Amino acid sequence: MKTFDYHRATTVGDAIEHASAGARFYAGGTNLLDLMKSGVESPDALVDVGRLGLGRVEETADGGILIGSGVTNTAAANHPLVRTRYPVLSQAILSGATTQIRNMATVGGNLMQRTRCPYFMDPAAGRCNKRAPGSGCAAREGFSREHAVFGTSLPCVAVHPSDMAVALAALDAVVHVEGGAGQRAIPLREFYLLPGAHPERDTTVEAGELITRIELPATPYGRHSWYLKVRDRHSYAFALVSVAACLHVRDGVIAAAAVAVGGVAATPWRVPAAEAALVGRVPDRAVFADAAEALVHGAAPLSQNGFKVMLMKNSVVRALSQAARR
């Protein structure tokens, strides 16, 4: 591993000052350190943001919550406000990684984690435009079973690995960041970037900006929601397809719906037309199948991941059925 400088920040302003000079933020380190060990990342300096008072979950006046970016995944998943008001988020977090990693990983770091595409993770595996812009994408002609079927570009077909982000997308979360230019709020639907011509950029967070908290608005989905993760093995595996299904059922009819799918794109995938197809209808399997059909419209699978289209349809129906039964 390359030698690097290390600074433990005492305030948010202190952390931002060091990051603006080129340092990388370090919290739990569960992704960044792995990338440093493999040579994918080689920062000159790290700034530790683990002691900035960002480890609280607080209720907002309108019935929502604010989750500090330094809250560990374990603490977020098990917090009473999350478990009771946003159970789909708790389920999503608990489906990821292992207990030991969740105890170290932070909410902010979870949002900023990089893809697990093998060509990105291992410099010796092959070409990767996300890791080395302009070098090419080996996944297009190589191993593509776990890759995207939506929103791809010629330079990149990688997927974002976060389970938590999928649930946050369905819940219309807002990410608050602070940098040298001040504070701003980024709706999660605008937080992640499709690869386009610049796959090296994963998010709209600018250099030197620190995630300080994630805001969840009050939601009608607490009662009828479910997170489904389909993977090759039950423990310590990333999703082939995941679904955060949220329904608001009133008088036996769906009054509102949100469905976000993971494992199929570089962002949590939502299709407004599919959600609209659910509203005003009785929650049953046929209705859910209509929504699933709308969700997979436009899929463009690669040579090895065409199975994801049918897997996604079946998973959406299953997740919505489970949410309706809760």
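The values are calculated or read from the model by the stated rules, or taken from the named source; none is laboratory data. Keep in mind it's a predicted model, so treat the numbers as computed, not measured. Quick reminder, even Gly has a Cβ in these numbers, built from the backbone with ideal geometry, and neighbours come from all protein chains shown. To get the accessible areas, we keep the full protein, side chains included, count just its heavy atoms, and leave off ligands, DNA and RNA. Shrake-Rupley method; radii C 1.70, N 1.55, O 1.52, S 1.80 Å.
Quick notes
- Accessible area of the chain divided out per residue, in Å², using a probe of 1.4 angstrom: 44
- For the range 71-136 versus the range 280-326, the spacing of their alpha-carbon centroids is 24 Å.
- When shorter helices are ignored and each DSSP H run of at least 4 residues is given -39500 (n - 2.57), the per-residue value for the chain at 222 nm works out to -8000 deg cm²/dmol.
- Protein accessible area in the chain, 1.4 Å probe - carbon and sulfur %: 53
- FRET efficiency for the pair Arg145 and His297, taken as 1/(1 + (r/R0)^6) with r the Cβ-Cβ distance and R0 = 22 Å, rounds to 0.50.
- Using R0 = 35 Å, the C-beta based FRET efficiency linking Met1 and Gln183 works out to 0.55.
- Packing order of peptides 39-46, 238-245, highest average first: 238-245, 39-46 (average count of other Cβ atoms within 10 Å over each peptide's residues).
- Residue-level accessible surface for Arg233, protein heavy atoms, 1.4 Å, Å²: 130
- In summary, the aspartates and glutamates within cross-link reach of Lys2, defined as a Cα separation below 18 angstrom excluding same-chain residues under 8 places away, comprise Asp34, Glu41, Asp44, Asp48, Asp122.
- Comparing Ala324, Ala257, Ala276 along the charge dipole axis of the chain, the residue lying farthest to the positive side is Ala324, per the Cβ-charge model.
- Dipole magnitude for the range 225-324: computed about the Cα centre from +1 point charges on Lys and Arg Cβ and -1 point charges on Asp and Glu Cβ, it is near 260 debye.
- Relative contact order (%) - the range 121-221, alpha-carbon pairs under 8 angstrom, separation at least six: 27
- About its Cα centre, the dipole of the chain is roughly 1000 debye, where the only charges are +1 on Lys and Arg Cβ and -1 on Asp and Glu Cβ.
- Full-extension gain in nm, Asn103 to Ala132, via 0.36 nm per residue minus C-alpha separation: 7.3 nm
- With contacts taken as Cα pairs under 8 Å and at least 6 residues apart, the chain reaches a relative contact order of 17 percent.
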